[in-house]
1. Quick one: in the range 150-162, of everything that is out of contact with any Ser or Thr (no Cβ under 9 Å at 6 or more places or on another chain) and open to solvent by 70 Å² or more (accessible area, probe 1.4 Å), which residue is farthest from Gly37 (Cα to Cα)?
2. Restricting to the range 88-121, count the residues that are over 22 Å from His17 (Cβ atoms) and either touching a helix residue (DSSP H, G or I) at 6+ places or on another chain (Cβ under 8 Å) or surrounded by 17 or more Cβ atoms within 10 Å (Cβ to Cβ) (or both).
3. Being within 20 Å of Arg155 (Cα to Cα) and not charged (D, E, K, R): is that true of Val115 here?
4. In the list Val187, Val196, which residue meets the criterion of being touching a strand residue (DSSP E or B) at 6+ places or on another chain (Cβ under 6 Å), closer than 23 Å to Gly102 by Cα and either touching a residue at least 60 places away in the same chain (Cβ under 8 Å) or open to solvent by 10 Å² or more (accessible area, probe 1.4 Å) (or both)?
5. For the range 213-230, which residues satisfy the criterion of being among the small types (Gly, Ala, Ser) and closer than 17 Å to Lys138 by Cβ?
6. Right, Asp71: surrounded by 15 or more Cβ atoms within 10 Å (Cβ to Cβ) and outside the structural domain of Tyr195 (by the TED database) or not?
7. From Pro81, Pro54, which residue is farther than 28 Å from Ile214 by Cβ, modelled with pLDDT of 95 or more and open to solvent by less than 30 Å² (accessible area, probe 1.4 Å)?
8. Could you go through the range 141-149 and let me know if any residue there is among the hydrophobic types (A, V, I, L, M, F, W, C), part of a helix (DSSP H, G or I) and either surrounded by 17 or more Cβ atoms within 10 Å (Cβ to Cβ) or free of Cβ contacts under 8 Å to residues at least 60 places away in the same chain (or both).
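The values are calculated or read from the model by the stated rules, or taken from the named source; none is laboratory data. Nothing here was measured: the structure is a model prediction, and the numbers come from that model. As a convention, Cβ positions derive from the backbone with ideal geometry for all residues, glycine included, and neighbour counts pool all protein chains shown. Ligands, DNA and RNA are excluded from the accessible area calculation, which covers all protein heavy atoms including side chains. Shrake-Rupley method; radii C 1.70, N 1.55, O 1.52, S 1.80 Å.
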Amino acid sequence: MAEANNDHLIHSDDPEHPANHICELCRKFYTLGWVTGTGGGTSIKHGDHVFIAPSGVQKELMKPTDMFVMDYNTKEYLRKPQVLKPSACTPLFYAAFTRGAGCCIHTHSQWAVLVTLLVERDFGPDACFEIEMIEQIKGVPKGRGKAGNLGYFDRLQIPIIENTAHEEDLASTLEEAMDKYPDAYAVLVRRHGIYVWGDNVHKAKTLCESLDYIFQLAVEMKKLGLPWTK
């Protein structure tokens, strides 16, 4: 499909339009070190349309015309720029959308990667990340179908899956983790990064920021010999 086809899907003066919003988010994520070296990505579901950042591009320099647009129901691309590649994260984004998400964010946060290594070293390859009695936990939703966020005395659990040579091959294990931990809104990928999703862009972004703060704190706590749980 030619790049010019269906351009009406991505042209809008509204800063909240998914094509514009993804570009703005990725510029901010770049400053946080989450999407450097073309890594990471973001996708927004808007009605029956799924807007996806392309693969292999510098995320801080993206333009709305770089966006791929997929039909949520048929999984067919309605807009597919000729000179760009669809994101390898697409099957993982779609897994989040089938579970009610409106936005999914994938980052290569160093803190997320370090946490996966610390969990493997200290608790084994099958353990999830767990932490409690940290104020920022209150920025994490309780779970699907549950109102409100976790409390200070609640324990945060985030599953960890093993990395693969090709990103799209993570989809099945990501879905398994989603089913095993139905209250989780994030899945860590060992030695890789994290996938975070939410009902909408605001919730996904807020959770991503909250978790990154918690991961950095967890790494620093380990340096000081402080436990993550009581």
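1. That would be Phe153.
2. Result for the range 88-121: 16.
3. So Val115 fits the description; yes.
4. Just one listed residue meets the conditions, Val196.
5. Answer for the range 213-230, where residues must be among the small types (Gly, Ala, Ser) and closer than 17 Å to Lys138 by Cβ: just Ala218.
6. No.
7. Being farther than 28 Å from Ile214 by Cβ, modelled with pLDDT of 95 or more and open to solvent by less than 30 Å² (accessible area, probe 1.4 Å) holds for just one of Pro81, Pro54, which is Pro54.
8. No, there is no match, as no residue in the range 141-149 is among the hydrophobic types (A, V, I, L, M, F, W, C), part of a helix (DSSP H, G or I) and either surrounded by 17 or more Cβ atoms within 10 Å (Cβ to Cβ) or free of Cβ contacts under 8 Å to residues at least 60 places away in the same chain (or both).
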